[in-house]
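*Asks:* Here it is: the structure, laid out below.
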Amino acid sequence: MSASQDPEIRLGRRTVVTVAGAVPLVAVLSACGGSKEPSGSGAVKQSDDGGDGGTGPALTTTADIPEGGGKIFPDQGVVVTQPAAGEFKAFSSKCTHMGCAVSSVSDGTINCPCHGSKFDVATGEVRTGPATTPLPAAAITVEGDSISLAS
């Protein structure tokens, strides 16, 4: 019996080839799975107990982050903001439009110099395009007057 007379053999071979090609793709995509933390939340852990071992080295102090503004840390790829007194948020410093580094924080927005996108200091949401996606949140820990990237 030839392969053209038995369609199950051809289908079986195609299935094996398709599955063999799909398995590595599924593995790669599942490794890229996102956090359940909603973007724009600016996750902050606050601790008064002297630390729980879940923080990295100090990034800055609370006094260095102006109320209603923020500070960009290019080496760490984050911008830390203080939307209201004592409330600290952190976001990626990479614009979601074309990947440029944001350059300033003023008038309640995180600003990208490349095409003029502006993001809200409290939520990371787009205030002015062309970006359409908010800045992803970055986790920070505030302990006393020290702000660290959460590890």
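The values are calculated or read from the model by the stated rules, or taken from the named source; none is laboratory data. The structure presented is a predicted model; accordingly, all values stated were derived computationally and were not measured. Here Cβ is always computed from backbone atoms with ideal geometry, including for glycine, and neighbour counts include all displayed protein chains. To get the accessible areas, we keep the full protein, side chains included, count just its heavy atoms, and leave off ligands, DNA and RNA. Shrake-Rupley method; radii C 1.70, N 1.55, O 1.52, S 1.80 Å.
*Asks:* On the given criteria, is ASP48 modelled with pLDDT under 50 and open to solvent by 30 Å² or more (accessible area, probe 1.4 Å)?
*Replies:* Working: modelled with pLDDT under 50: yes; open to solvent by 30 Å² or more (accessible area, probe 1.4 Å): yes.
So ASP48 fits the description; yes.
*Asks:* Filter the stretch 52-103 for residues that are basic (Lys, Arg) and open to solvent by 60 Å² or more (accessible area, probe 1.4 Å) and give the result.
*Replies:* LYS71, LYS94
*Asks:* Only residues that are surrounded by fewer than 24 Cβ atoms within 10 Å (Cβ to Cβ) and in contact with an Asp or Glu (Cβ under 8 Å, 6 or more places away or on another chain): list them for the stretch 104-121, please.
*Replies:* Passing the criteria: GLY108, THR109.
*Asks:* Consider the stretch 88-118. How many of its residues are in a strand (DSSP E or B), more than 15 Å from the chain's Cα centre (by Cα) and touching a residue at least 12 places away in the same chain (Cβ under 8 Å)?
*Replies:* The number of residues fulfilling the criteria is 5.
Residue-by-condition table, conditions (1) in contact with a Gly (Cβ under 9 Å, 6 or more places away or on another chain); (2) aliphatic (A, V, I, L, M):
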residue: HIS97; (1), (2): yes, no
residue: VAL105; (1), (2): yes, yes
residue: ASN111; (1), (2): no, no
residue: ASP145; (1), (2): no, no
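*Asks:* Restricted to the stretch 122-140, and to residues that are under 10 Å from ALA90 (Cα atoms) and assigned to a strand (DSSP E or B), which residue is most open to solvent (accessible area, probe 1.4 Å)?
*Replies:* Residues of the stretch 122-140 under 10 Å from ALA90 (Cα atoms): 122-124, 135-140.
If we keep only those that are assigned to a strand (DSSP E or B) too, we end up with 137, 140.
Values: ALA137: 35, ILE140: 1 Å².
By that ranking, first place goes to ALA137.
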